[in-house]
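K.L.:
Please read through the structure below; I'll follow up with questions.
The values are calculated or read from the model by the stated rules, or taken from the named source; none is laboratory data. Bear in mind the structure is a predicted one, so any value in this text is a computation, not a measurement. Glycine also receives a Cβ, built like all others from the backbone with ideal geometry; neighbour counts cover every protein chain displayed.
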Amino acid sequence: MTRFERPWWDVVFSELDRGLRTLAAPPVGTGRESPAAALSKDQCDAKLSDDDRRHAAGLMRINHAGEICAQALYFGHARVARDPAVEEKLLHAADEEGDHLAWCRQRLEQLESRPSFFDPVWYAGSYALGIAAGLGSDRWNLGFVVETERQVEAHLGEHLQILPEGDSVSRAIVGVMQVEEAEHAEMAEEAGASQLPWPIPALMRRAAGVMKAVAYRI
């Protein structure tokens with residue numbers, strides 16, 4: 001039985017399980033160690049002022065929310081992908097994004113903070129976008145991946161500039177995330193992505209701006 005021949009209720013419960021695991025269970029991904037694990041104890045234990053700690057936590061909460069969105073987008077994209085090879089690439093990228101999610105969650109705990117209260121909203125909206133983007137064709141599906149990852153890569157670059165200088169741990173995590181987001185965009189381009197028409201990237205940037213503004217604080 002192919003995935004397109006599965007009963008609808010099996011598909012629904014499978015996708016709900018993925019969503020609940022993303023939102024409530026400890027993130028797994030591929031199980032890779034955090035990039036900050038290579039830092040010395042002195043670097044990891046660097047004292048941050050209360051303001052710097054709150055600022056770093058706000059930025060990492062944004063990144064965590066972004067990884068919640070990434071999981072949902074990739075799951076949505078993979079669910080409607082026609083080509084099994086494309087589906088496999090999307091789910092492999094989702095596994096790496098699962099590592100990012102775990103690293104961000106761990107860093108939030110270290111900063112004595114928490115994820116965004118709106119994570120279920122980010123997940124539901126992103127999953128719906130992933131489905132909608134993939135309904136046209138796999139090429140449009142992959143084009144959405146490219147644009148998403150390019151925007152995330154740019155936003156992580158901004159975070160590297162504004163994270164507190166003493167926060168080597170968050171910087172190490174964000175630096176690796178930025179590299180891998182670029183790799184995911186390249187993967188989608190090589191798989192045959194189509195370029196999205198002009199209004200869509202602009203709308204995506206505006207929606208991301210709302211998410212970042214809310215997640216930083218709540």
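K.L.:
Tell me, yes or no, whether region 75-89 has at least one residue that is β-branched (Val, Ile, Thr), crowded, with 18+ Cβ neighbours inside 10 Å and modelled with pLDDT of 85 or more.
P.N.:
No: zero hits.
K.L.:
Which residue, of Glu67, Glu158, is under 11 Å from the mean Cα position of the chain (by Cα) and acidic (Asp, Glu)?
P.N.:
After applying the criteria, what remains is Glu67.
K.L.:
What tally of residues in region 145-178 results from selecting those that are hydrophobic (A, V, I, L, M, F, W, C) and over 20 Å from Ala56 (Cα atoms)?
P.N.:
2
K.L.:
So is Gln106 part of a helix (DSSP H, G or I), among the polar types (S, T, N, Q) and under 29 Å from Ser14 (Cβ atoms) or not?
P.N.:
In short, yes.
K.L.:
Does any residue of region 92-106 turn out to be touching a residue at least 12 places away in the same chain (Cβ under 8 Å) and over 13 Å from the mean Cα position of the chain (by Cα)?
P.N.:
Yes - at least one qualifying residue is present in region 92-106.
K.L.:
Which members of region 106-139 meet the condition of being crowded, with 21+ Cβ neighbours inside 10 Å, closer than 16 Å to Ala81 by Cα and among the charged types (D, E, K, R)?
P.N.:
Answer for region 106-139, where residues must be crowded, with 21+ Cβ neighbours inside 10 Å, closer than 16 Å to Ala81 by Cα and among the charged types (D, E, K, R): just Asp138.
Residue-by-condition table, conditions (1) out of contact with any Asp or Glu (no Cβ under 8 Å at 6 or more places or on another chain); (2) of a type in the set (S, T, N, Q); (3) under 24 Å from Arg54 (Cβ atoms):
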site: Val80; (1), (2), (3): yes, no, no
site: Glu87; (1), (2), (3): yes, no, no
site: Glu96; (1), (2), (3): no, no, no
site: His100; (1), (2), (3): no, no, yes
site: Gly136; (1), (2), (3): yes, no, no
site: Leu156; (1), (2), (3): no, no, yes
site: Glu165; (1), (2), (3): yes, no, yes
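K.L.:
Out of all the residues in region 160-170, which are touching a helix residue (DSSP H, G or I) at 6+ places or on another chain (Cβ under 9 Å), surrounded by fewer than 20 Cβ atoms within 10 Å (Cβ to Cβ) and assigned to a helix (DSSP H, G or I)?
P.N.:
Residues satisfying the conditions are Leu160, Ile162, Ser168.
K.L.:
List, please: which pairs have Cβ atoms under 7 Å, are six or more places apart or on different chains, and start with a residue in region 193-206 that is in contact (Cβ under 8 Å) with a residue 24 or more places away in the chain and end with one that is among the small types (Gly, Ala, Ser) and surrounded by 13 or more Cβ atoms within 10 Å (Cβ to Cβ)?
P.N.:
Partner pairs satisfying both residue conditions: Ala193/Gly143; Ser194/Gly143; Gln195/Gly143; Leu196/Gly143.
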